[in-house]
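The values are calculated or read from the model by the stated rules, or taken from the named source; none is laboratory data. What you see is a predicted model; the values in this text were computed from it and never measured. All Cβ positions, glycine included, derive from the backbone under ideal geometry; neighbour counts span all protein chains shown.
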Amino acid sequence: MIKHIIFTDGGCSGNPGVGAWAFNVYNSTDYVYGTAGGLIETTNNIMELTAVINALIYYKNNFIIKDEEVAVFTDSEYVQKGISDWISLWKKNNWTKSDGKTVKNINLWQKLDELNSEIKIYWYHVKGHSGISENEKCDSMVQNEIKKLSNYEKNVLF
């Protein structure tokens with residue numbers, strides 16, 4: 001039975017550029033917890049993966065009960081298709097894609113795969129910027145974090 005729902009988002013200002021990730025956890029009736037973070041030099045895909053990984057680590061450390069299920073909503077097709085469809089072939093081919101190139105962000109995919117094997121997760125893709133309030137909240141958190149990091153970067157003396 002699904003007891004918790006997680007929404008995640010990641011983004012960048014430039015790609016690569018200043019990036020951020022965010023997640024929010026809900027139980028069946030209420031908001032439970034959310035947080036955000038970021039990096040000064042990163043990519044959008046890294047932030048999307050980091051959002052999901054941090055959310056699942058938080059969930060695992062705070063809520064997981066044997067046989068409990070969680071629903072994860074992401075607006076990243078890269079994450080949703082990667083973990084639901086592509087990863088089994090990547091692993092079978094020693095983390096190589098069909099074009100013969102090594103999977104990008106392999107360390108993040110391996111961590112996500114580990115978490116996915118420890119937790120019963122239902123993966124869902126939602127369209128970004130489509131009015132889904134929980135997704136919009138994550139996007140707002142990401143944008144605020146990017147602003148903070150961008151301001152920090154401008155004020156640092158090297």
Original post:
Would you say S140 is touching a strand residue (DSSP E or B) at 6+ places or on another chain (Cβ under 6 Å) and either charged (D, E, K, R) or surrounded by 13 or more Cβ atoms within 10 Å (Cβ to Cβ) (or both)?
Top reply: no
**OP:** Go through the residues of the range 40-48 one by one and say whether even a single one is among the hydroxyl-bearing types (S, T, Y), more than 13 Å from the chain's Cα centre (by Cα) and modelled with pLDDT under 95.
**Re:** no
Original post:
How many residues are touching a residue at least 60 places away in the same chain (Cβ under 8 Å), crowded, with 20+ Cβ neighbours inside 10 Å and outside any helix (DSSP H, G or I) when one looks only at the range 5-58?
Top reply: 16
**OP:** Select, from E69, E114, the only residue that is surrounded by fewer than 16 Cβ atoms within 10 Å (Cβ to Cβ), among the acidic types (D, E), over 14 Å from the mean Cα position of the chain (by Cα) and closer than 20 Å to N24 by Cβ.
**Re:** E69
Original post:
Pairs under 8 Å by beta carbon, first residue within 11 Å of V52 (Cβ to Cβ) in the range 97-118, partner assigned to a loop (DSSP other than H, G, I, E, B), six or more apart or different chains?
Top reply: W109/W95; W109/V103
**OP:** Can you work out which of the residues in the range 78-94 that are touching a residue at least 24 places away in the same chain (Cβ under 8 Å) and surrounded by 17 or more Cβ atoms within 10 Å (Cβ to Cβ) is farthest from the chain's Cα centre (by Cα)?
**Re:** I87
Original post:
I132 passes all but one of (1) at pLDDT 95 or above; (2) surrounded by 14 or more Cβ atoms within 10 Å (Cβ to Cβ); (3) among the hydrophobic types (A, V, I, L, M, F, W, C); which number fails?
Top reply: (1)
Original post:
Are any of the residues in the range 87-103 among the hydroxyl-bearing types (S, T, Y) and closer than 28 Å to L149 by Cβ?
Top reply: no
Subject >> Options K127, K97: the member that is at pLDDT below 95 and either within 26 Å of E68 (Cα to Cα) or surrounded by fewer than 12 Cβ atoms within 10 Å (Cβ to Cβ) (or both) >> reply: K127
**OP:** State the number of residues belonging to the range 86-102 that are of a type in the set (D, E, K, R) and over 18 Å from E114 (Cβ atoms).
**Re:** 3
